[in-house]
Every structure is written in structure tokens, then in C-alpha cells.
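Following: one structure in C-alpha cells, then a few remarks.
The values are calculated or read from the model by the stated rules, or taken from the named source; none is laboratory data. Keep in mind the model is a prediction, meaning the values are calculated, not measured. Cβ: placed from backbone, ideal geometry, glycine included. Neighbour counts: every protein chain shown. Surface accessibility is based on the protein's heavy atoms, side chains included, excluding ligands, DNA and RNA. Shrake-Rupley method; radii C 1.70, N 1.55, O 1.52, S 1.80 Å.
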Amino acid sequence: MSNRLINLENITKSYGSQMVLDDMNLYIRENEFLTLLGPSGCGKTTTLRIIGGFETPDKGRVIFDGADITNLPPHKRQLNTVFQKYALFTHMNIAENIAFGLKIKGKSKAYIDDKIKYALKLVNLDGYEKRMPDSLSGGQQQRIAIARAIVNEPKVLLLDEPLGALDLKLRQDMQYELIRLKNELGITFIYVTHDQEEALTMSDTIVVMNQGYIQQIGTPEMIYNEPENAFVADFIGDSNIIGSTMIQDELVEILGARFACVDKGFGNNKPVDVVIRPEDVELVKPEEGTIKGVVSHLIFKGVHYEMEVMANGFEWLVHSTSLFPVGTEVGIKVDPFNIQIMNKPESEDEEAAPIEE
């Protein structure tokens, strides 16, 4: 990956007595698709607004391309923001909407006309110049909002839940559009969402946030396969999270049964949390499993069956392409590589504590 474009250094922000960001450090590389992911109120939109210049941090600095821009107003920053509410000017046609920023900059008519054509082509809306915003669907309006941001040639595009108001099919189409745009334009995208699937689909890097702290930073594969704590594991997809005991390196006791694993360095007879994804639980004949259980629940999900298996007092969530009817006795096996061991938090507070990069 190329060099760091944006550095957030020790950013702290409160609203009244509520601390929203607590000493946050984060860097964003040039030409990266970085997603801030987390539940409502975790500080992701505030982070975006601080980068955009719509909010000023109480403490800390925003460094952009080597320069301190902490107190620079939004219009002087080399970035553009696309909000969930498209905020198109209803009294202007599409061409005028897109040209708005360029006119303020005093660009020539020929330059502006060229840019409008180019931007509409990029978002697959050729020939829409004369249309009015209210004649467009939600997805088309959102694409115009993106076109309007792109024509200003920002170095960075900030996107605040821009697909939140669209239906599922449109949202998926737009996800592919955004990935294509990023690749074609070579600009940095910083994207805010609470939708895990969206983050996993689109990002180069995901920053998982909770209660104003960064919980984990990594590629989608890392975040999904190697969550650093129970919050991340639980937030990204379904998981079986089970309080267990690390007997010794590469051996863990889960619900009274011993499973081989690949993790080391947790010590001997230490309490840990184990994460096992539902698709990694293998159902076999009762005598072939490490532990036995009974299928208590079954739903067909299209690609796979989702089952719940009651085994040793724990309800295991299992995804499998094989069907085991409710009431079937089964054995549970897990490949050692699919058992993820995590340190148990000492307290509730620690669950939201920051994790060092």
C-alpha cells in the first residue's frame, strides 16, 4: 500500500459530558477504501465529520498530506462528502446540481460541460443533464450526489451511510459501482456504515469501533477470521462465543471436552473465550464427534441450513449444506484451525477498551 494520506493523532471529542472519541489514533493510506464500522453511537460519524472539517476535535490533530488541517474549514480541504440524505438542490436540474461546486471555483463553461458529461458517464447516467431530481429514483439521486462530489476531483471522498436509504438489491448494485469508481478514479474512500456485509464486501481496510474506541483494524478477511475480541466476533457475522479454559498450548477445554487448536501463548489452565463460526462446526455421527448434541432448531436459508444444536448445555449455531432434522442426535467436530482463542476481558469496561494496533 502507498503512503499515509491522513493521520488522526490523539483525537478526543465530547458533547457535553458524553465522551464520543477518546484519544483516537488512525491513519488512512492514499487510494485506500477504508470503512469505519460499528453500532450507532460508537463515534464513526463523528470521526468522519472531524476529517471533513464539520467538527473540530477537543484535543488532537488532523494531518492531511503532511499539513495540519485541524482548523481548516470544509471547503478548503481536498475532500468531498456524500451524506445519506442526498441533499440535491430540487430547483436545479442534474447538470446544474453537478456543476454547483465547479461554478463556485470559477471554472469555464466548456470545462464544466466536459466534467458533467464525464461524471454522468462514470455513474452510468449518460444523458440525464436536463432531468430534475424529483424525477429520479433514490438510487439515481444517490449516484448524482456521488457524481457531484467526484467532479471536484477531491483526493478523498467521505461517504456517510450513503446507501442506507436504498433497498437491498439497489444497495448491492451501488456497492459494486463504488468499488468500480474507486478503482477508476484512484481516490481514497472513507466510508461509514453499521452494515457488516457492506463493510466486508467493499473495504480494503475495516476499522471496527465501539464506544469511541477502535476495537480492531484489519482486512475484511482478518476481521472475520481472526477477531481480536468478543465484541468484534459478535459484531461481524454470527459466532459461537464460549467461555472455555486453555489447558496448554494447542489444547483447549470447551464445555468439558478437550479440543485441539493452533493457538499458543495463553498460559496453562487460563480462562479464555473461544470463537467458532457457525460454518466451521462440523456435524457428524454421535460417536465420531468430540461432543454429542441434539438438533433443536432448523431453518432453511437458501444456500445452507441454519441449525441450533444443544450440546453440553450450550446452544451451538451451525450452518451446513447437509440437513439434520430436529431431534437428530449428532456429534460436533471442529478443525483446530477454526477455533479462535481470545483473552477474556477482566471487566465490562475492558470489553470496550482500545486495542493497540
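Could you look through the range 1-55, keep only residues that are open to solvent by 50 Å² or more (accessible area, probe 1.4 Å) and touching a helix residue (DSSP H, G or I) at 6+ places or on another chain (Cβ under 9 Å), and pick out the one that is farthest from Ile190 (Cα to Cα)?
The qualifying residue farthest from Ile190 (Cα to Cα) is Tyr15.
Identify all residues within the range 193-246 that are among the acidic types (Asp, Glu) and either in contact with a strand residue (DSSP E or B) (Cβ under 9 Å, 6 or more places away or on another chain) or part of a strand (DSSP E or B) (or both); write none if there are none. Give the steps one after another, and end with the answer.
Quick first cut of the range 193-246, residues among the acidic types (Asp, Glu) only: 195, 197-198, 204, 221, 226, 228, 234, 238.
Residues satisfying the conditions are Asp195, Glu198, Asp204, Glu226, Glu228, Asp234, Asp238.
Taking Val275 and the conditions (1) touching a residue at least 60 places away in the same chain (Cβ under 8 Å); (2) open to solvent by less than 30 Å² (accessible area, probe 1.4 Å); (3) over 22 Å from the mean Cα position of the chain (by Cα), which numbered condition does it fall short on, given that it satisfies the others?
(3)
Looking at the range 57-91 only, could you name the residues that are hydrophobic (A, V, I, L, M, F, W, C), under 22 Å from Arg148 (Cβ atoms) and in contact (Cβ under 8 Å) with a residue 40 or more places away in the chain?
Answer for the range 57-91, where residues must be hydrophobic (A, V, I, L, M, F, W, C), under 22 Å from Arg148 (Cβ atoms) and in contact (Cβ under 8 Å) with a residue 40 or more places away in the chain: Phe64, Leu79, Val82, Phe83, Ala87, Leu88, Phe89.
List the residue pairs whose Cβ atoms are under 7 Å apart, where the first residue sits in the range 31-53 and is farther than 24 Å from Arg180 by Cα, the second is surrounded by fewer than 21 Cβ atoms within 10 Å (Cβ to Cβ) and of a type in the set (Lys, Arg), and the two are 6 or more positions apart or on different chains.
Gly53/Arg77
Here are some residues: Glu306, Glu357, Glu329, Glu351. Which one is open to solvent by 80 Å² or more (accessible area, probe 1.4 Å) and either at pLDDT 95 or above or farther than 21 Å from Tyr224 by Cβ (or both)? Talk me through it step by step, then tell me what you get.
On the way: Glu306 fails: open to solvent by 80 Å² or more (accessible area, probe 1.4 Å); Glu357 fails: either at pLDDT 95 or above or farther than 21 Å from Tyr224 by Cβ (or both); Glu351 fails: either at pLDDT 95 or above or farther than 21 Å from Tyr224 by Cβ (or both).
Criteria check complete, one pass: Glu329.
Return the pair list, or none, for Cβ contacts closer than 7 Å from residues in the range 281-304 that are under 23 Å from Phe259 (Cα atoms) to residues that are open to solvent by less than 30 Å² (accessible area, probe 1.4 Å) and assigned to a loop (DSSP other than H, G, I, E, B), at least 6 apart or on different chains.
Close Cβ pairs (under 7 Å, with a partner that is open to solvent by less than 30 Å² (accessible area, probe 1.4 Å) and assigned to a loop (DSSP other than H, G, I, E, B)) amount to Val281/Val334; Glu282/Val334.
Only one residue in Glu153, Glu96 is under 30 Å from Glu9 (Cβ atoms) and acidic (Asp, Glu). Which one? Even if it seems obvious, please write down each step before you answer.
Details: Glu96 fails: under 30 Å from Glu9 (Cβ atoms).
Only one candidate passes the filter, namely Glu153.
Collect the residues in the range 104-134 that are of a type in the set (Ser, Thr, Tyr) and open to solvent by 60 Å² or more (accessible area, probe 1.4 Å), keeping them in residue-number order.
Narrowing the range 104-134 to residues of a type in the set (Ser, Thr, Tyr): 108, 111, 118, 128.
Selection gives Ser108, Tyr111, Tyr118.
Which of the residues that make up the range 247-272 are touching a residue at least 60 places away in the same chain (Cβ under 8 Å), part of a strand (DSSP E or B) and surrounded by fewer than 16 Cβ atoms within 10 Å (Cβ to Cβ)?
Of everything in the range 247-272, those that are touching a residue at least 60 places away in the same chain (Cβ under 8 Å), part of a strand (DSSP E or B) and surrounded by fewer than 16 Cβ atoms within 10 Å (Cβ to Cβ) turn out to be Ala260, Pro271.
Would you check if there is a residue in the range 296-303 being crowded, with 18+ Cβ neighbours inside 10 Å and either modelled with pLDDT under 95 or over 28 Å from the mean Cα position of the chain (by Cα) (or both)?
At the first step, the residues of the range 296-303 found to be crowded, with 18+ Cβ neighbours inside 10 Å are none.
No, that holds for no residue.
Being of a type in the set (Ser, Thr, Tyr) and open to solvent by 70 Å² or more (accessible area, probe 1.4 Å) is the requirement here; does Thr321 meet it? Even if it seems obvious, please write down each step before you answer.
Numbers: of a type in the set (Ser, Thr, Tyr): yes; open to solvent by 70 Å² or more (accessible area, probe 1.4 Å): yes.
The answer is yes for Thr321.
Could you go through the range 137-152 and let me know if any residue there is modelled with pLDDT under 85 and assigned to a loop (DSSP other than H, G, I, E, B).
yes
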